[in-house]
Amino acid sequence: MRLYCDYLHREYGALDSDYVFVNLFAEPQGHPWGYPAVYDLVRRLRKRTGIAFAPHQYRHTYATWLLRRGAGMENVKELLGHASISTTIDTYGHLTVEDARRPLEGAGWFTGREVRL
């Protein structure tokens, strides 16, 4: 963590920003990178490493990670900036039965005393 803080201090200087990837040289300074900057970095990393990936994959990973930890579709919809909850559900509604069961267990369901037929 100290190395990361040292890096931020060295790179950002006095710039006051909560973002990790910020415009340091381009306008608007201190604001988060836009898609063109992200894709430019990814293009250069892919060329240098030979690893094929797209930044959008991380968006899916983040959304799935949030849902598996009980964030809820409404929260994920807002964080991803979807206009409609159906977009979030259609895209990220592929979670497993275990994913759906975990928050219910946390809420006191499935105690082992359920009535079975």
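The values are calculated or read from the model by the stated rules, or taken from the named source; none is laboratory data. All values reported here derive from a predicted model rather than from experimental measurement. Neighbour counts run over all protein chains shown; Cβ positions are idealised from the backbone, glycine included.
Values for this structure:
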| item | result |
| --- | --- |
| Evaluation of residue 25 against (1) assigned to a helix (DSSP H, G or I); (2) surrounded by fewer than 13 Cβ atoms within 10 Å (Cβ to Cβ); (3) not polar (S, T, N, Q) (one fails), failing number | (1) |
| Selection count, the stretch 42-74, where residues are part of a helix (DSSP H, G or I) and of a type outside the set (Lys, Arg) | 17 |
| Failed item in (1) surrounded by 10 or more Cβ atoms within 10 Å (Cβ to Cβ); (2) modelled with pLDDT of 90 or more; (3) not in a loop (DSSP other than H, G, I, E, B), with residue 82 passing the rest | (3) |
| Count of residues meeting criterion [among the hydrophobic types (A, V, I, L, M, F, W, C) and closer than 17 Å to residue 20 by Cβ] in the stretch 32-64 | 6 |
| Selected residue [surrounded by 12 or more Cβ atoms within 10 Å (Cβ to Cβ), among the charged types (D, E, K, R) and at pLDDT 90 or above] from 46, 101 | 46 |
| Residue count, the stretch 75-94 (criterion: in contact (Cβ under 8 Å) with a residue 12 or more places away in the chain and within 13 Å of residue 62 (Cα to Cα)) | 6 |
